[in-house]
Amino acid sequence: QKEVEQNSGPLSVPEGAIASLNCTYSDRGSQSFFWYRQYSGKSPELIMSIYSNGDKEDGRFTAQLNKASQYVSLLIRDSQPSDSATYLCAVKASGGSYIPTFGRGTSLIVHP
Amino acid sequence: DAGVIQSPRHEVTEMGQEVTLRCKPISGHDYLFWYRQTMMRGLELLIYFNNNVPIDDSGMPEDRFSAKMPNASFSTLKIQPSEPRDSAVYFCASSPPGQAHYGYTFGSGTRLTVV
């Protein structure tokens, strides 16, 4: 059973702070990792993907991957109230399975 | 690009009635996925298609659920008969060829309420 674990939160941070969202996964063969943002009442939206160990930066977002420790994280710098949403981690394994396993998501609240 | 289009956006139906949800994937995407999202269970994969062929329907909860993809631009998810426990948001998503390294594009979802 492939599992993707996220703290459900809510994670509350003040505006301008760094928000750190974490995700652990059970399948060591996982190859592709994604972060989706889901606003309340809306559909998930892909915001980051990462495939290699290390950091990947895109604007205020940084994804960090550590395959040895089986975790992936998302850092949001200079958090804004508009970042308040649920963040879903998704992990795809290797070996021909192209279907990701989604975590339950972490709710982020950025307060002014 | 109009994105993944789902209809209807909201559906309220009585228990026992047939419900049909519709999805139009992004042109050129050859993978199509149906997901269900609830507070209790999160995002669950129901079924997915590749080039209009169902590949894995192991997530379909029971025989009351069926899905079809008659062509590359249209798919349906049908529930017959519907039950209150089917109430959820149903998402359709599509992904381009060689999608092992791509994420999904989700539609806006259909919020189904069975009373």
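The values are calculated or read from the model by the stated rules, or taken from the named source; none is laboratory data. What you are looking at is a predicted structure, and each value in this text was computed from that prediction instead of being measured. We place every Cβ from the backbone using ideal geometry, glycine too, and count neighbours over all the protein chains shown. Surface accessibility is based on the protein's heavy atoms, side chains included, excluding ligands, DNA and RNA. Shrake-Rupley method; radii C 1.70, N 1.55, O 1.52, S 1.80 Å.
Using only protein heavy atoms and a 1.4 Å probe, how much accessible area in total is buried between A and B, to the nearest 100 Å²? Interface between A and B: roughly 1500 Å².
For a straight C-alpha distance cut-off of 19 angstrom, the lysines reachable from B:Lys78 (same-chain residues fewer than eight places away being disregarded) are B:Lys24, B:Lys68. Counting only protein heavy atoms and using a 1.4 Å probe, the accessible area of B:Cys92 comes to about 0 Å². For peptide A:29-41, the mean count of partner chain Cβ atoms within 10 Å of a residue's Cβ comes to 2. In the range B:26-115, taking the dipole from charged Cβ atoms about the Cα centre, the farthest positive-side position among B:Met69, B:Asn52, B:Phe91 is held by B:Phe91. Across the range B:2-14, rounded Karplus estimates of 3J(HN,Hα) from the backbone phi angles (6.51 cos²θ - 1.76 cosθ + 1.60, θ = phi - 60°) give 7, x, 7, 10, 10, 8, x, 6, 9, 9, 10, 9, 8 Hz, Gly and Pro being marked x. For a straight C-alpha distance cut-off of 30 angstrom, the lysines reachable from A:Lys67 (same-chain residues fewer than eight places away being disregarded) are A:Lys2, A:Lys56, A:Lys92.
For the range A:55-112 versus the range B:11-28, the inter-centroid distance based on Cα atoms is 30 Å. Going from the isolated chain to the complete set of protein chains, the range A:44-61 loses at least 30 Å² of heavy-atom accessible area (1.4 Å probe) at A:Pro44, A:Tyr51. For the range B:67-102, heavy-atom accessible area (probe 1.4 Å) falls by no less than 40 Å² from the chain alone to the full protein assembly at B:Ala100, B:His101. Peptides B:74-83, A:46-55 ordered by packing proxy, namely the average of other Cβ atoms within 10 Å per residue, highest first: B:74-83, A:46-55.
Assuming R0 = 30 Å, can you tell me the calculated FRET efficiency for the pair B:Val115 and B:Arg22, based on Cβ-Cβ distance, to the nearest 0.05? The formula returns an efficiency of 0.90 here. Accessible surface computed residue by residue for chain A, with neighbouring protein chains in place and a 1.4 Å probe, gives 47 Å² per residue. The 3J(HN,Hα) values that the Karplus relation (6.51, -1.76, 1.60; θ = phi - 60°) gives for the range A:12-21 are, in residue order, 10, 10, x, 3, x, 7, 8, 9, 10, 10 Hz. Gly and Pro appear as x.
Over the range B:45-115, accessible surface divided per residue gives 44 Å², non-protein components excluded, 1.4 Å probe. Note on the protein assembly as shown: with neighbouring protein chains present and a 1.4 Å probe, carbon and sulfur make up 48 percent of its accessible heavy-atom surface. Across chain B, the mean sequence separation of Cα contacts (distance under 8 Å, 6 or more residues apart), normalised by length, yields a relative contact order of 37 percent.
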